[in-house]
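The structure under discussion appears below in the form of structure tokens.
The values are calculated or read from the model by the stated rules, or taken from the named source; none is laboratory data. Here the structure is a predicted model, which is why all the values come from computation and not from measurement. No Cβ is skipped: glycine too gets one built from the backbone with ideal geometry, and neighbour counts run over all protein chains shown.
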Amino acid sequence: MSTATTKHPAPAERPAQEGPAQERKEPSYLYTEKQVSEKSEIARRFLETRARLNANVDKANNLLVKRFYNLDHVTYLEGALPAKTKELMGLVASACLRCDDCVTYHAVQAYRLGVTRTEQEESLNVALVVAGSIAIPHLRRAYELLKELYE
């Protein structure tokens, strides 16, 4: 019996990253959170609750939480992937994980960045295929939010 092993290059043998490291920058939002709140009651309630609850977390002054929040922030900056794409990826993952707060957050952020309703709905289709029918209740709530944002 022959066992084939795949030889991986040692770290020193790996090719260097091509070109300079991708710069990350803040995305350019088309809408402020205030504008979104004025357009959608669902978004307004979510954003107000999120701000209030984040204030409680901030008061704890927890270094690990601060580092995680920073990691999350940096992940969604413009980079090799546009922020719009990252928000749609976040939307899909959130629907698959059945996190309504996360779905709302990413749908709002995607809207703020100029993602179309059709792009958001197509992303939710991916979530439905990946997660199956268990994601349907979350899609219903997402579609209610999208109706308020886009109509």
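For the range 35-44, indicate whether the set of residues that are crowded, with 18+ Cβ neighbours inside 10 Å and not in a helix (DSSP H, G or I) is non-empty.
Yes.
Would you please list the contacts, defined by Cβ atoms under 6 Å and residues six or more apart or on different chains, that run from a residue in the range 109-133 that is without any contact (Cβ under 8 Å) to a residue 60 or more places away in the chain to a residue that is surrounded by fewer than 21 Cβ atoms within 10 Å (Cβ to Cβ) and of a type in the set (Asp, Glu)?
Here the result reads none, with nothing in the range 109-133 linked to a residue that is surrounded by fewer than 21 Cβ atoms within 10 Å (Cβ to Cβ) and of a type in the set (Asp, Glu).
Within the range 88-143, restricting attention to residues that are of a type in the set (Asp, Glu) and over 17 Å from Phe46 (Cα atoms), which residue is surrounded by the fewest Cβ atoms within 10 Å (Cβ to Cβ)?
Glu122
Residue check: is Ala51 of a type in the set (A, V, I, L, M, F, W, C), surrounded by fewer than 14 Cβ atoms within 10 Å (Cβ to Cβ) and either at pLDDT below 95 or not in a helix (DSSP H, G or I) (or both)?
Criteria not met by Ala51.
Answer yes if at least one residue in the range 56-70 is surrounded by 13 or more Cβ atoms within 10 Å (Cβ to Cβ) and touching a residue at least 12 places away in the same chain (Cβ under 8 Å), and no otherwise.
no
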